[in-house]
Amino acid sequence: MFKNKFVQQRIEKVELLKKKGYNPYSNDSKRNTTISKYLKVNADVEHKENKRDEHRHYTVGGRIKLLRIMGKASFVNIEDESGTLQVYIARDNLPEGFYNNIFKKNIEVGDIVEITGYPFVTGKGELSLHASEFKLLTKSISPLPEKFHGITDKEIRYRKRYLDLIMNKEVRNTFKIRSRVISLTRHFFEEKGFLEVETPMMHPIAGGANAKPFVTHHNALGVDRYLRIAPELYLKRLIVGGFEAVFEINRNFRNEGMDATHNPEFTSIEFYWAYKTYKDLIEITKEYFQYLFEHLDLPTILPYGDMEVDFSDFKEIPLAESLTTIGGVPKDIINDREKIVAYLKEHDVDVNEKLNLGLLQGELFDEFVEEKLINPTFITEYPVELSPLARRSDENPELTERFELFIAGREIANAFSELNDPVDQLSRFEGQMDAKESGDDEAHEMDQDFVEALSYGMAPTAGQGIGIDRLVMLLTNEHSIRDVLLFPAMKPLSTEEITKD
RNA sequence: GUCUUGUUAGCUCAGCUGGUAGAGCACGUCACUUUUAAUGAUGUGGCCGAUGGUUCGAAUCCAUCACAGGACACCA
């Protein structure tokens, strides 16, 4: 640690400052304004005589991002969370000896400083601060990355996110938007009368989705626990208990592959709404998007990569219909297992021939339709085999009252009228057990306690999950989930590399 | 998990078919009181991701490993 020669050099400066009786980690900040406020409040200075106002005094703080020393005067650009400010520092405006002995010798890019002075506009027309006091608050002993190119190495950016945030303004902005999205989501549902709840993250049975869980062990109880793959079954127990509108915004954990759209822990909102159906969910989803766009002040047409997504154009189409009209699959094969298998093989798709009709239709959808759904599209009427927790359609019991929302070729939300028939739910779980035995290791787990909860009666309810990470990707035009997660999952470095570091 | 590309100074990157390791920024020293990626001069800085192999000679060719990016597979 701290072997690097540049770090050594800076540590020496710290020692030197201490010897001179100057605290390099001072704790008595007198900051009385932020940079953006300073710039706003003093915008009128350029109309004043000599373009300055020596009667005003401000103390700002921030990190030095650029430093230009020109003999007896210098320009320093400092940055706080709100913005960047240029500061003019002249030898003769500071206490005797400070400029030459402290400032020029011991202050560097990366240091966090505090400066008091008055506003003025430079010859080149930039509103700046004319320093009369200068204080080092925190010495930075590791040098910052290059001032112009910043830091581009993705590995360093993810492993040392703080450096990424220091150097890349757009990154800070992305995470501000993420925070806004979560806050707005919370407000939207609260305003609709939903109650925010917290359900367990450690489950005795990993239920509510098809996914491999992380396993951990509870010592006191002597039992294994699973990090939750979805909160669904607990939220529905709350509906049984009499809460009529609940939501939870939190992490789910899935022990599966990682790629541009999958991180082992990810954030979703799930909400459940009693006395409503999936049709109501379509309406509230449209409203939710409208609310987000309004409050984030986004245009209704957003670029995403080389696509353009029109968020004023929500479409609704049943899955079977989408196979033919969007996927171009011949109409006469979509209800025939053998013909689907043949068709998939014809198109070089590896297919498990044992799959039932519903699952095969799902294959067709994944292969030929999904990526073509650019503008927001609700795909409805999923086969019952694909939806073990969804209510059957009254008109056609082979279908469920369900939709998935696709945007920019990607699934953003999943929703359905909830299955509340306990006997049907039990037999669906049993069906999943069979699927598990015949090799589908991601089939749902049996949850008898949940079935028992349903047996007391759950009001007709509609529920929905929205992937927050993917939603933020969409809104910020980011194409890797790692770019919307502050600390994405990374493999640990070897101990050798860590000690070297 | 498979394929593929990458890993060279604190950072951003050159380094071709093997022949003593380069630039810019940063840092040190000097000059400079309105610059803004300041400028000019000058200097320091490297186990070329790790380990083996081929070769008189390897940053460069080969193999294995580690980590990362991308694609695919898996995955609501």
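Which pairs turn up if I take residues in region A:352-378 that are modelled with pLDDT of 90 or more and look for partners that are charged (D, E, K, R) with beta carbon separation below 6 Å, at least 6 apart in sequence or on another chain?
Note: pairs meeting the criteria are A:Asn375/A:Asp310; A:Asn375/A:Asp313; A:Thr377/A:Lys315; A:Phe378/A:Glu316.
Mind telling me which of the residues A:Arg159, A:Arg178 ends up being farther than 25 Å from A:Gly61 by Cβ, more than 15 Å from RNA strand B (Cβ to nearest atom) and not aliphatic (A, V, I, L, M)?
Checking each option against the conditions leaves just A:Arg178.
Does region A:104-115 contain any residue that is at positive phi, near RNA strand B (Cβ under 7 Å from one of its atoms) and either surrounded by fewer than 19 Cβ atoms within 10 Å (Cβ to Cβ) or not assigned by TED's automatic domain parsing to the domain that holds A:His130 (or both)? Break it down into steps so the answer makes sense when it comes.
Pass one, region A:104-115, residues at positive phi: A:110.
Still in the list and also near RNA strand B (Cβ under 7 Å from one of its atoms): none.
No, region A:104-115 contains no residue that is at positive phi, near RNA strand B (Cβ under 7 Å from one of its atoms) and either surrounded by fewer than 19 Cβ atoms within 10 Å (Cβ to Cβ) or not assigned by TED's automatic domain parsing to the domain that holds A:His130 (or both).
Can A:Ala206 be described as buried (at least 16 other Cβ atoms within 10 Å of the Cβ), under 21 Å from A:Glu265 (Cα atoms) and hydrophobic (A, V, I, L, M, F, W, C)?
When the stated conditions are applied, A:Ala206 passes them.
Out of all the residues in region A:390-425, which are within 12 Å of RNA strand B (Cβ to nearest atom), among the hydrophobic types (A, V, I, L, M, F, W, C) and either over 21 Å from the mean Cα position of the chain (by Cα) or on the phi > 0 side of the Ramachandran plot (or both)? Walk me through it before giving the result.
Start the filter on region A:390-425 by keeping residues that are within 12 Å of RNA strand B (Cβ to nearest atom), which leaves A:390, A:400, A:402-406, A:409-416, A:418-419.
Right, trim to among the hydrophobic types (A, V, I, L, M, F, W, C) and you get A:390, A:403, A:405-406, A:412-413, A:415-416, A:419.
Correct list: A:Ala390, A:Phe403, A:Phe416, A:Leu419.
For region A:343-354, how many residues are touching a helix residue (DSSP H, G or I) at 6+ places or on another chain (Cβ under 8 Å) and part of a helix (DSSP H, G or I)?
Residues flagged as touching a helix residue (DSSP H, G or I) at 6+ places or on another chain (Cβ under 8 Å) and part of a helix (DSSP H, G or I) within region A:343-354 amount to 2.
Residue-wise test of (1) within 21 Å of A:Leu399 (Cα to Cα); (2) outside the structural domain of A:Gln464 (by TED's automatic domain parsing); (3) more than 33 Å from the chain's Cα centre (by Cα).
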{"residue": "A:Leu319", "(1), (2), (3)": "yes, no, no"}
{"residue": "A:Ile333", "(1), (2), (3)": "yes, yes, yes"}
{"residue": "A:Asp336", "(1), (2), (3)": "yes, yes, yes"}
{"residue": "A:Ile340", "(1), (2), (3)": "yes, yes, yes"}
{"residue": "A:Asn352", "(1), (2), (3)": "no, yes, yes"}
{"residue": "A:Leu355", "(1), (2), (3)": "yes, yes, yes"}
{"residue": "A:Thr380", "(1), (2), (3)": "yes, no, no"}
{"residue": "A:Pro383", "(1), (2), (3)": "yes, no, no"}
{"residue": "A:Pro388", "(1), (2), (3)": "yes, no, no"}
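When region A:120-156 is examined, which residues are found to be within 10 Å of RNA strand B (Cβ to nearest atom) and closer than 22 Å to A:Thr59 by Cβ?
Quick first cut of region A:120-156, residues within 10 Å of RNA strand B (Cβ to nearest atom) only: A:120-128, A:130, A:142-156.
Scanning region A:120-156 gives A:Phe120, A:Val121, A:Thr122, A:Glu126, A:Leu127, A:Ser128, A:His130.
When you go through (1) at pLDDT 90 or above; (2) at negative phi; (3) surrounded by fewer than 17 Cβ atoms within 10 Å (Cβ to Cβ) one by one for A:Lys212, which number turns out not to apply?
Just one mismatch for A:Lys212, condition (1).
Cβ-Cβ distance below 8 Å, separation of 6 or more or different chains: which pairs start in region A:115-127 with a residue that is over 19 Å from A:Asp80 (Cβ atoms) and end on one that is hydroxyl-bearing (Ser, Thr, Tyr) and surrounded by 13 or more Cβ atoms within 10 Å (Cβ to Cβ)?
A:Phe120/A:Tyr88; A:Phe120/A:Ser128; A:Val121/A:Ser128; A:Thr122/A:Tyr88; A:Thr122/A:Ser128
I'd like to verify a number: residues in region A:361-387 that are in a loop (DSSP other than H, G, I, E, B), surrounded by 19 or more Cβ atoms within 10 Å (Cβ to Cβ) and at negative phi, how many?
Residues meeting the conditions: 5.
Can you say whether A:Val423 is in contact (Cβ under 8 Å) with a residue 12 or more places away in the chain, assigned by TED's automatic domain parsing to the domain that holds A:Phe189 and in a helix (DSSP H, G or I), as far as the supplied structure shows?
It is false that A:Val423 is in contact (Cβ under 8 Å) with a residue 12 or more places away in the chain, assigned by TED's automatic domain parsing to the domain that holds A:Phe189 and in a helix (DSSP H, G or I).
Just for strands (runs of 3 or more DSSP E) wholly inside region A:3-95: which have at least 2 residues that are assigned by TED's automatic domain parsing to the domain that holds A:Lys124 and out of contact with any Lys or Arg (no Cβ under 9 Å at 6 or more places or on another chain)?
So the answer is A:58-70, A:83-90.
So, in region A:30-83, how many residues would count as being in contact with a Gly (Cβ under 8 Å, 6 or more places away or on another chain) and either of a type in the set (Phe, Trp, Tyr) or within 16 Å of RNA strand B (Cβ to nearest atom) (or both)?
8
Scan region A:258-291 for residues that are part of a helix (DSSP H, G or I) and either within 13 Å of RNA strand B (Cβ to nearest atom) or in contact with a Ser or Thr (Cβ under 7 Å, 6 or more places away or on another chain) (or both) and report the count.
Restricting attention to region A:258-291, the residues satisfying the condition of being part of a helix (DSSP H, G or I) are A:278-291.
Filter once more, keeping what is either within 13 Å of RNA strand B (Cβ to nearest atom) or in contact with a Ser or Thr (Cβ under 7 Å, 6 or more places away or on another chain) (or both): A:278, A:281.
Adding up the residues that qualify gives 2.
Checking A:Ile333 against (1) touching a residue at least 12 places away in the same chain (Cβ under 8 Å); (2) buried (at least 17 other Cβ atoms within 10 Å of the Cβ): exactly one of these is not met. Which one?
Every condition holds for A:Ile333 apart from (1).
Out of all the residues in region A:255-264, is one or more crowded, with 16+ Cβ neighbours inside 10 Å, in contact with a helix residue (DSSP H, G or I) (Cβ under 8 Å, 6 or more places away or on another chain) and within 27 Å of A:Gly457 (Cα to Cα)?
No; the residues of region A:255-264 include none that is crowded, with 16+ Cβ neighbours inside 10 Å, in contact with a helix residue (DSSP H, G or I) (Cβ under 8 Å, 6 or more places away or on another chain) and within 27 Å of A:Gly457 (Cα to Cα).
The values are calculated or read from the model by the stated rules, or taken from the named source; none is laboratory data. Keep in mind that this is a model prediction, so the values were computed, not measured. Ideal geometry is used to build each Cβ from the backbone, glycine not excepted, and the neighbour counts take in all protein chains shown.
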